[in-house]
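Working notes, beginning with the structure itself.
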Amino acid sequence: MSLRHSLIDHAQMPVRVLITDCPPSQELLEEAYLPVLAENRVQVLIRLCEPTYETAVLEAAGVRVIDTMAFTDGTPPPQPVLADYRTLIDTLVAATPDTKPTIAVHCVSGIGRAPIFAVIALVDAGVERIEAVEFVRMRRRGAFNKSQLEWIMDERNGLVRRKKPNLGFGGWGGSKVGTPTKTSSDSRNSMASVQSERTSVTSSATKKKNGFLGLFSKKG
């Protein structure tokens, strides 16, 4: 059984994001995944891949399942999905002004599409892009392929930070109970690795011409 879940909770985020892989069967959903969702007080589950389970048991447990944000494996989210996700965050934060809501999200393996939703929330909350990627990767090893990382780092045509702040619990970038960014040597080394990869991404146009740019063979 593969139950790989990672809770992304940063002091500046207005929500918590629980990343998992896809439950392989209805039985495992009920026996292994549902208790994790309950433990983390998940209110909404975003399913980004083909269904492998019925959602009735989740709905009965108070977990709303959203299938309308799915997008192509190995790619960043299109703008309509990004807009819907931000609206969802606003709605949850407004509905729970005294606590931080939790959103669960899964794709196939939980290392491509799903972690992007955590980075979006981090960047929108004012966290620097490199720090956001490092923060997620410290908790979700192998997250993001090169195409997705390029989108995250592109401030103009990729992940554009939202201009209007969220006015819910603490507001975007406000004071919240969460996990602060690590400042250990391991964290700094990881950030240096992301910086190096960002430099590589910046020169992607040249690499494409020479035929050296390829996506990692990760599923998400």
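Laid out as a table, the results:
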{"quantity": "Cα-based Rg of region 54-99 normalised by 2.2 N^0.38 Å, two decimals", "calculated": "1.40"}
{"quantity": "Probe 1.4 Å, protein heavy atoms only - accessible area per residue of region 1-126 in square angstrom", "calculated": "38 Å²"}
{"quantity": "Region 1-78: trypsin sites (Lys or Arg not before Pro) in DSSP coil with no more than 15 other Cβ atoms inside 10 Å", "calculated": "ARG4, ARG41"}
{"quantity": "Rounded if a/c under 1.5, otherwise prolate or oblate - region 76-116, Cα gyration tensor axes", "calculated": "oblate"}
{"quantity": "Percent carbon-and-sulfur accessible area, region 18-120, ignoring ligands, DNA and RNA, probe 1.4 Å", "calculated": "56 percent"}
{"quantity": "Euclidean distance between Cα centres, region 43-90 to region 1-41, Å", "calculated": "13 Å"}
{"quantity": "Dipole of region 1-64, positive direction: furthest Cα of ILE46, HIS10, GLN26, with charges on the beta-carbon", "calculated": "HIS10"}
{"quantity": "Rg in Å to one decimal, and Dmax rounded to a whole Å, for region 1-128 via C-alpha atoms", "calculated": "13.7, 40"}
{"quantity": "Stretchable slack from ARG141 to ASN40, in nm (0.36 nm times residue separation minus alpha-carbon distance)", "calculated": "34.3 nm"}
{"quantity": "Exposure of SER6 as accessible area (Å², to 10), given a probe of 1.4 Å and all protein chains", "calculated": "10 Å²"}
{"quantity": "In nm, spacing of pseudo-spin labels at GLU27 and GLU128 (7 Å Cα→C-beta vector)", "calculated": "5.0 nm"}
{"quantity": "Förster-model FRET efficiency, 30 Å R0, THR87 and ARG156, C-beta, rounded to 0.05", "calculated": "0.85"}
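The values are calculated or read from the model by the stated rules, or taken from the named source; none is laboratory data. Predicted model only: the values in this text are computed from it and were never measured. Backbone-built Cβ (ideal geometry, glycine too); neighbour counts: all protein chains shown. Surface areas here come from the heavy atoms of the whole protein model, side chains and all, with no ligands, DNA or RNA. Shrake-Rupley method; radii C 1.70, N 1.55, O 1.52, S 1.80 Å.
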